[in-house]
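The values are calculated or read from the model by the stated rules, or taken from the named source; none is laboratory data. Note that the structure is a prediction, hence the values are computed from the model and not measured. Here the Cβ positions follow ideal geometry from the backbone for every residue, glycine too, while neighbour counts run over all protein chains shown.
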Amino acid sequence: MKYLLKYLATAFMVVSIASFSSIAKCEDPHHEDEHHEDEHHEDEHHEDEHHGDEHHGDEHHGGDIELQVINGHIVTNKRVYAAELGEIAPNEVDEPGFDNSTGTFSAGSNIGFSIVDSLREWDGHDFETIANETMSVHFGTSLGPVTTPDQPSVVSGFGLPVSDEGEWHRHYDFVLNAPAETGIYLLQLQLSSDDPEVQQTAPFAIVFNQNESELNHDAAIEFAELQFNQNIPEPSALLLISLGLALLSTRVGRKRG
């Protein structure tokens, strides 16, 4: 029994180290560069809308949310992203987009999203406040809007097809609805696939800046990174914990028997 407890303690230590590493990797004081990369995204967005977002090769677009499939789960390269509203129209932006390498997903499958909480507003300390505003997600003029709920709940969005090469490069339009006051807003999303062998992502967040200072935006992003990355184990660490708990349960059952 003592060896099994040592095993579990080691597993939880692995999880803690993995979580700490995730936080360290996400704290990037130069993330402003990500806000302004890919200056020609409008052209790419319109090309995506009319041509199904098909592109070739494994070259990723700067600032996009990079997707992988690891241990049967869709995984984002970070948990928190940043965007500046008003880049393509007042109160609107189509960044960050989503990108992945060729063959990541099954051709013919669809990737969809869900909004997993109300829109939150930064109060200078945290994102506990539900915003007076809502945010809507569109895909051009053909799909949407899907709008954040007034009270915390999950709202299912729409799906978009994967290309024949197994790529999914998409740009949603994010619109802050009236009164669209100056502020910093947090939107939480999850991605899922209709491929039964591919499981959904963990929730991730986009921190939108609506005419606020970059200093305040930076503070809000840093807070969100800490919240989303602390104590979140990687899939491999979760598997390790589950195995340990199963062994412990079996051992206890045998003793009782």
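Scanning the range 139-150 for residues that are part of a strand (DSSP E or B) and either at pLDDT below 95 or surrounded by 18 or more Cβ atoms within 10 Å (Cβ to Cβ) (or both) gives F139, V146. Restricting attention to the range 170-201, the residues being farther than 15 Å from S106 by Cα and surrounded by fewer than 18 Cβ atoms within 10 Å (Cβ to Cβ) number 5. If a residue has to be in a strand (DSSP E or B) and either touching a Leu at 6+ places or on another chain (Cβ under 7 Å) or farther than 25 Å from D173 by Cα (or both) to count, how many in the range 194-230 make the cut? The total comes to 7. When residues in the range 82-101 are screened for being closer than 15 Å to I65 by Cα and in a loop (DSSP other than H, G, I, E, B), 5 of them pass.
Summed over the range 151-180, residues that are part of a loop (DSSP other than H, G, I, E, B), more than 17 Å from the chain's Cα centre (by Cα) and of a type in the set (A, V, I, L, M) total 3. The set of residues in the range 84-112 that are without any contact (Cβ under 8 Å) to a residue 60 or more places away in the chain and over 13 Å from V175 (Cα atoms) comprises A107, G108.
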